[in-house]
1. What is the one condition in (1) under 28 Å from residue 158 (Cβ atoms); (2) at pLDDT 90 or above that residue 75 does not satisfy?
2. Residue 101 passes all but one of (1) without any contact (Cβ under 8 Å) to a residue 12 or more places away in the chain; (2) surrounded by 12 or more Cβ atoms within 10 Å (Cβ to Cβ); (3) under 24 Å from residue 176 (Cα atoms); which number fails?
3. Somewhere in the range 82-93, is a residue in contact with a helix residue (DSSP H, G or I) (Cβ under 8 Å, 6 or more places away or on another chain) and modelled with pLDDT of 95 or more?
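The values are calculated or read from the model by the stated rules, or taken from the named source; none is laboratory data. Because the structure is predicted, anything quoted here is derived from the model rather than measured. Glycine also receives a Cβ, built like all others from the backbone with ideal geometry; neighbour counts cover every protein chain displayed.
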């Protein structure tokens with residue numbers, strides 16, 4: 001049985017499966033089999049013509065709530081744009097380490113180091129990101145769960161402002177807006 005969720009929308013879509021399918025996310029099967037499940041539009045039917053449907057990965061409650069906010073705030077195109085999500089994650093990561101004393105020079109050295117190595121496997125890199133973020137929060141006496149909950153509440157209250165910022169940002173640019181140097 002799929003756990004019911006509150007996606008903050010009045011559209012009858014209140015299960016993790018429905019949220020993921022509506023957004024077109026490539027969700028993963030549980031356990032050791034980490035192969036992506038194709039969106040319904042790309043799935044094959046079996047010999048009887050019945051659509052094959054594997055049990056979809058049920059994201060943790062916080063991840064489901066973030067997905068609900070994302071879908072409320074942005075278009076489906078923006079929600080599914082992996083490049084956009086990469087850029088926003090990198091931006092937030094850099095802002096975090098900058099706030100904790102990392103210098104621009106150190107960040108550039110790490111960019112050169114990472115991009116000078118072979119590309120990693122996404123699930124392992126995601127796991128490493130979660131582990132190192134938790135370790136970073138711990139060594140700075142910050143509560144990771146509390147910070148996430150506070151930020152999610154903050155952005156729910158700023159949807160109109162965030163949408164306006166998204167609409168004004170340069171198209172096809174990793175930058176979220178005009179750079180200070182350009183002003």
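1. If we test residue 75 against (1) under 28 Å from residue 158 (Cβ atoms); (2) at pLDDT 90 or above, just (2) comes out false.
2. Unmet condition: (2).
3. no
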